[in-house]
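Everything on this sheet refers to the single structure shown next.
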Amino acid sequence: MEAILLEYAWVLVVLIVLEGLLAADNAVVMAVMVKHLPREQQKKALFYGLLGAFVFRFAALFMITLLVDIWQIQALGAAYLLFISIKSLLDQRKNADEDPEKDEKSRKGSGFWMTVLKVELADIAFALDSMLAAVALAITLPALGNFDIGGINGGQFIVMLLGGIIGLIIMRFAARQFVVLLEKFPSLETAAFLIVGWVGVKLVVLTLAHPKLQIIDVGFPHSTGWKLTFWIVLVGIVIGGYLFGVRNSRKEDKK
């Protein structure tokens with residue numbers, strides 16, 4: 001029993017780190033989507049976004065045994081994140097050649113509730129990604145207890161639940177900080193949308209490896225090579241975006 005509990009503790013630590021990283025991705029998306037709103041509305045939109053993240057994550061947790069069989073849901077989540085990323089990057093490029101004030105006015109045209117809706121749709125995609133990652137870790141644990149929740153062993157479910165709660169706490173503090181960072185370094189917005197797109201690519205890989213499709217090897221999304229590639233590229237985007245943002249900020253200060 002001691003060995004099993006130790007294994008559970010170790011997986012919980014790994015899951016907390018993983019959920020924290022995924023929560024940071026979600027927080028980046030929320031921050032970049034609400035940045036154009038007035039400060040007070042930013043806070044309200046972030047609150048609704050966090051509430052949605054909480055609801056969708058726990059809904060996904062209870063329904064995960066059903067969701068993992070429906071590859072179309074993963075595909076829709078991937079398509080939505082890629083759409084957000086590509087459209088926003090193209091809009092940035094288009095508006096860079098036009099009047100910056102016109103760009104700002106068009107962004108402000110996206111009202112409060114439309115912004116909240118966009119955030120909630122992104123939350124759904126991230127909730128699926130988060131819970132699929134949690135399940136992939138939790139199912140490696142031996143069964144603990146003689147009860148199931150949502151088709152998952154009770155002990156495994158509790159580990160996933162704790163990891164999800166801690167991830168949401170991290171998101172709560174990260175989202176506002178990312179808004180502040182984006183206001184200080186506006187050019188980081190490009191890196192933020194690249195991160196959104198890269199997470200979308202991750203969901204594409206999960207979809208292609210779904211047991212009902214098997215376009216690529218089922219084990220590929222969980223392979224060490226793919227995981228290393230994903231995190232190396234993600235960290236590269238973050239570091240590159242930060243350095244680019246700092247450089248642009250210094251240029252603006254010199255003007």
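The values are calculated or read from the model by the stated rules, or taken from the named source; none is laboratory data. Everything numeric in this text was worked out from a predicted model, so none of it was measured. Neighbour counts run over all protein chains shown; Cβ positions are idealised from the backbone, glycine included. Please note that ligands, DNA and RNA were not included when accessible areas were found on the heavy atoms of the full protein model with its side chains. Shrake-Rupley method; radii C 1.70, N 1.55, O 1.52, S 1.80 Å.
Before moving on, here are some points about what is shown:
- Cα long-axis angle, helix 112-138 against the chain (0 to 90 degrees, to the nearest 10): 30 degrees
- Modelled spin labels at residue 79 and residue 36, positioned 7 Å past Cα toward Cβ, are 2.4 nm from each other.
- Accessible area expressed per residue, the range 126-211, with surrounding protein chains retained (probe 1.4 Å, Å²): 38 Å²
- Of 53, 79, 27, the residue with the greatest mean-square motion in the GNM of the chain, using alpha carbon springs below 10 Å, is 79.
- Per-residue HN-Hα couplings for the range 20-32 [Karplus 6.51, -1.76, 1.60; θ = phi - 60°; Hz; x = Gly/Pro]: x, 5, 5, 5, 5, 4, 4, 5, 4, 4, 4, 4, 6
- Karplus-derived HN-Hα couplings along the range 219-228 (A = 6.51, B = -1.76, C = 1.60, θ = phi - 60°), whole Hz, x at Gly and Pro: x, 4, x, 9, 6, 4, x, 5, 4, 5
- Long-range HN-HN contacts of residue 216 with modeled amide H, under 5 Å: 209
- Options [x] 170; [y] 223; [z] 132 - which one matches volume of the Cα convex hull per residue in Å³ as calculated here: [z]
- Surface accessible to a 1.4 Å probe, residue 33 within the full protein complex, Å²: 20 Å²
- Full-stretch length increase - residue 146, residue 220 - with 0.36 nm per residue and alpha-carbon distance subtracted: 23.5 nm
- With every protein chain in place, the range 168-248: carbon and sulfur % of accessible area (1.4 Å): 73 percent
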